[in-house]
Amino acid sequence: MDARSGAHWVAWANTHARNSRRIEDLEGSFRRDVETFITVLERAGARVEVSATRRSRKRAYLFHWSWKIANGKCRPADADPMAGVGIRWDHGDDVASRAAALEMTRGFGLAMPPRSVYAPALSSNHIAGRAIDMTIRWNGTVELPRKDGSTVAIAWTPNVNSNLPLHDVGASYGVRKLRSDAPHWSFNGR
Ligand SMILES: [Zn+2]
């Protein structure tokens, strides 16, 4: 296929660089911690809906550089190469290179300025398989055991970021809440 950047790389990524929402794709020790925490939640009567686990490193690379080039944050020739991707960002013409990168940001549905003023990150706990996005719901109050066996009664609240007792139970199993990102839990809270 054409190595030059453009919309066909979105189709390529949707086959070769997909994100996962499978718990089995998480890194080994964090995977076991997540499985334990979710089992505890479900046994207590909560419902857990997983929306994202491991993020593809290649996909993150395509997000990052297409966003930067499309927004004029770097020259097309300045984008780093990545083994196993082989995309050519520089078409030998900055206007054409930028238009091709813009096709990709649209195809990926990336948030652009002013909605987002930061390029999508090249590294994250999702890429390392050490973060999970999930929505946890229950009716009323559940009794949840911490890892040490002590239990705590926790009322459901629509704002999970403020439900500190729930964060405390998760942390006892090694699954830590990032308080600025509603569905996000990770091995270190970032
Ligand atoms: Zn996340």
- Message: Can you pull out the chymotrypsin sites (Phe, Trp or Tyr not before Pro) in segment 81-190 whose DSSP state is coil and whose Cβ has at most 11 other Cβ atoms within 10 Å?
- Response: 118
- Span from the segment 1-49 Cα centroid across to the segment 119-181 one, whole angstrom: 17 Å
- Task: Give me the percent of the accessible area of segment 1-109 that comes from carbon and sulfur atoms, probe 1.4 Å, all protein chains in place.
- Result: 45 percent
- Message: Using a Cα-Cα cut-off of under 18 Å, which lysines could be cross-linked to residue 68, ignoring same-chain neighbours fewer than 8 residues away?
- Response: 58
- Message: So if each residue of separation counts as 0.36 nm, and I subtract the Cα-Cα distance between residue 44 and residue 179, what length gain in nm does that give?
- Response: 46.3 nm
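So what is the 222 nm mean residue ellipticity for the chain from helices alone, if each DSSP H run of at least 4 adds -39500 (n - 2.57) and you divide by all residues, rounding to the nearest 500 deg cm²/dmol?
Values: 5 runs with 63 residues, N = 190.
Taken over the chain, the calculation gives -10500 deg cm²/dmol.
Just flag the trypsin sites (Lys or Arg not before Pro) in segment 70-152 sitting in loop per DSSP whose Cβ has no more than 16 other Cβ atoms within 10 Å. Show your work: numbers first, answer last.
Details: sites: 73, 88, 98, 106, 115, 130, 137, 146, 147; in loops: 73, 115, 130, 146, 147.
Qualifying residues, ordered by number: 73, 115, 146, 147.
Kindly report the accessible area of segment 133-190 per residue (heavy atoms of protein chains, probe 1.4 Å, no ligands, DNA or RNA), in Å². Walk me through the intermediate numbers first.
Details: 2950 Å² over 58 residues.
Each residue of segment 133-190 exposes 51 Å² on average to a 1.4 Å probe.
The values are calculated or read from the model by the stated rules, or taken from the named source; none is laboratory data. What you see is a predicted model; the values in this text were computed from it and never measured. In this analysis, Cβ positions are derived from the backbone assuming ideal geometry, glycine residues included, and neighbour counts consider all displayed protein chains. Note: accessible area is taken over every heavy atom of the protein model, side chains too, but ligands, DNA and RNA are not part of it. Shrake-Rupley method; radii C 1.70, N 1.55, O 1.52, S 1.80 Å.
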